[in-house]
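Just below is one structure, and these are the notes that go with it.
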Amino acid sequence: MIPAIFVFVYLAVVLYIGVFAFRKARGKEEAEDYFLASRSLGPVVFLLSLFGTNMTAFAILGSSGHAFSNGIVTFGLMATSSGLVIPLTLFLIGTRVWALGKKFGFMTPVQMFRDRWECGHIGTVITVVQAALLVPYIIIGVMGGGTTLNVISGGLVPFWFGGAVVALVVMSYVFFGGMRGTAWVNTFQTVLFLIFGAIAVVVIGSAMGGFAGAIGAMQNAPALAPLLTRERVSPYYFFSYTFIPLSAIAFPHIAIFCLTARKMSQFKKTVIFYPLCIMAIWLPCVFLGVVANRVTDVPEIRQKIEARRTLATQGKSLAPEQRDELREEAAGDDVLLILLKRFAPLWLAGILGAGIMAAVMASDSQILALSTMFAEDIFAYYGGRRRYGERAQVQTGRVFVIILTLFAYLVALRAPETIFELAIQYAFSGFAALSPLLVAALFWRGSTKWGALASTVWTALAVIAVAIFQARFPAPAPGGNVVAATLGGWEAITRTPGGTAIFGFMPVVPMVIVSALLMILVSLATKKPHEATLRRYFARARGDVRAADELAQAA
């Protein structure tokens, strides 16, 4: 229980930070202060909290687990593309979202969509779809917290209790501290997992013979050498992952975080340092996940490797239920924690466990974002604020935090997928397909609310179709893809061990392409917003110098 005690102490510190933020904001009870910290975050807090909110259990436990099963290619799949695409979208889209929010008082992306496209209920549809797609991300945080406490305590803290503790702590400081508490906690957590990630790779890597020694030993082992190549991932899948980072700026919690900066100049440092932070997190996690395959003297890891081998050799002859059980045994979401137990002293394992917990608890921003969306896009838009006042709006947002956290916890107890699969197939893919909404709203005069509705409905239907398809066709054994539909001799739809393939690509590729095409085609065929509205957003294109100067002054 010693490592678990360290984690519990850390959770107490995090809770205090959230309560302290609440005490600082006491008496304000203003929506902009609770949901956006009065748009006053400084450069350091803005950078670290923005990065921290994007580095959840997916980046720590999910990446090491995926690397354990698929090899070092995991870094190329997500870290490389994210290090390029996310800073670019923050620079091109995030800065304009900040400037428009500063000028017009927007607190959510949907508020901007409603004003830009002169739409009402269509904005509600977008809100509902965004909320549904964000829930899997929140579930990931609860799963990661339960897994962390369960493993580092040697099973003494059950998964359900660990998940409940994490959910309760996150709910408490989001409930009290709002955006200010969430940003301060995320800043503290980001510093922790950046430092402890470096410590973990040094301690565990040294115990395993160092980087060169560990990789050299794997190269000389025929069974492990393929993990140092890209052969476990097809070129089509590898290309598909370049679409995943498009989801970052489309995530409501990232777009809302962009509105909290005090000055636009803060984005410059964020764009520069964001790729470095990604490298600092993903390199240690992927490296440790890969080399964990060498630690066969640990029963838990040996059991995972044997389950993976059985799937590869006998999986085709097994019943779907048996394959699912083997997949759960082979899942590597907890290998990083197992390595801590094996190679780190108890006190160090506890400290490093707290660092990992810092990352997996980043679901706080998603919970706050959904609370903000409900309070602003639903409660306030449909007259709640006008009837009951701003204080009631804030309290309604807090109640929604409780309801949402409880729901995510109950679903997490029954979630069958690994953290990596849950994020990629639903949360990331769905929001990547919604990214054309932001691009069209900010950069294309000709876009319309009907184009936005078409893209949103398509995204929702595509995610639902993937979920139904994967429920109907159980995941096959490795190497035993199930072809569900063909077209002109091509394998159109295929059920793979890791998900679904559309003409060899991950679903995110056709989802993004079709979403963009629908936005273009439907917008071309439907009525545009009024010219006065367009001048407010595209002043330079219309030669409206004064409106352009106002936007620049707001920036």
Open item on the list: Condition (residue is aromatic (Phe, Trp, Tyr) and either at pLDDT 80 or above or farther than 27 Å from VAL271 by Cα (or both)) applied to region 131-150: is it met by at least one residue?
Closed with: no
TODO: Inspect all residues belonging to region 268-284 and state whether any of them is surrounded by fewer than 21 Cβ atoms within 10 Å (Cβ to Cβ), under 24 Å from the mean Cα position of the chain (by Cα), basic (Lys, Arg) and part of a helix (DSSP H, G or I).
DONE: yes
TODO: Would you please name the residue that is surrounded by the most Cβ atoms within 10 Å (Cβ to Cβ), looking only at residues in region 361-417 that are aliphatic (A, V, I, L, M) and not in a helix (DSSP H, G or I)?
DONE: ALA362
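Would you pick out the residues in region 115-167 that are hydroxyl-bearing (Ser, Thr, Tyr) and in a helix (DSSP H, G or I)?
Our first condition is that a residue be hydroxyl-bearing (Ser, Thr, Tyr); within region 115-167, this holds for 124, 127, 137, 147-148, 153.
Passing the criteria: THR124, THR127, TYR137, THR147, THR148.
Of everything in region 187-220 that's aliphatic (A, V, I, L, M) and free of Cβ contacts under 8 Å to residues at least 60 places away in the same chain, which residue is surrounded by the most Cβ atoms within 10 Å (Cβ to Cβ)? If you could, list the steps in order and put the result at the bottom.
Quick first cut of region 187-220, residues aliphatic (A, V, I, L, M) only: 191-192, 194-195, 198-204, 207-208, 212, 214-215, 217-218.
Cutting the leftovers down to free of Cβ contacts under 8 Å to residues at least 60 places away in the same chain gives us 202, 212.
Working: VAL202: 13, ALA212: 9.
By that ranking, first place goes to VAL202.
Could you please find all residues in region 313-360 being outside any helix (DSSP H, G or I) and under 20 Å from PHE193 (Cα atoms)? Even if it seems obvious, please write down each step before you answer.
Applying the first criterion (outside any helix (DSSP H, G or I)) to region 313-360 yields 318-319, 331-334, 344-345.
Across region 313-360, the qualifying residues are GLY332, ASP333, ASP334, ALA344, PRO345.
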Task: Meets criteria (surrounded by fewer than 24 Cβ atoms within 10 Å (Cβ to Cβ), assigned to a helix (DSSP H, G or I), in contact with a Lys or Arg (Cβ under 8 Å, 6 or more places away or on another chain) and touching a residue at least 40 places away in the same chain (Cβ under 8 Å)) for LEU47 - done: yes
Open item on the list: Condition first: charged (D, E, K, R) and either at pLDDT 70 or above or part of a helix (DSSP H, G or I) (or both). Now tell me which residues in region 1-32 satisfy that.
Closed with: ARG23, LYS24, GLU30, GLU32
- [ ] Return yes or no: is MET112 among the aliphatic types (A, V, I, L, M), in contact (Cβ under 8 Å) with a residue 60 or more places away in the chain and not in a helix (DSSP H, G or I)?
- [x] no
Open item on the list: It is to be established whether one or more residues within region 218-232 are among the hydroxyl-bearing types (Ser, Thr, Tyr) and farther than 19 Å from LEU288 by Cβ.
Closed with: no
Open item on the list: Residues that are under 30 Å from VAL166 (Cβ atoms) and not basic (Lys, Arg): list the helices (runs of 4 or more DSSP H) wholly contained in region 186-257 that include at least 2 such residues.
Closed with: 247-250
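The values are calculated or read from the model by the stated rules, or taken from the named source; none is laboratory data. Remember, predicted model here, so these are calculated numbers, not experimental data. All Cβ positions, even for glycine, are placed from backbone atoms using ideal geometry, and neighbour counts span all protein chains on display.
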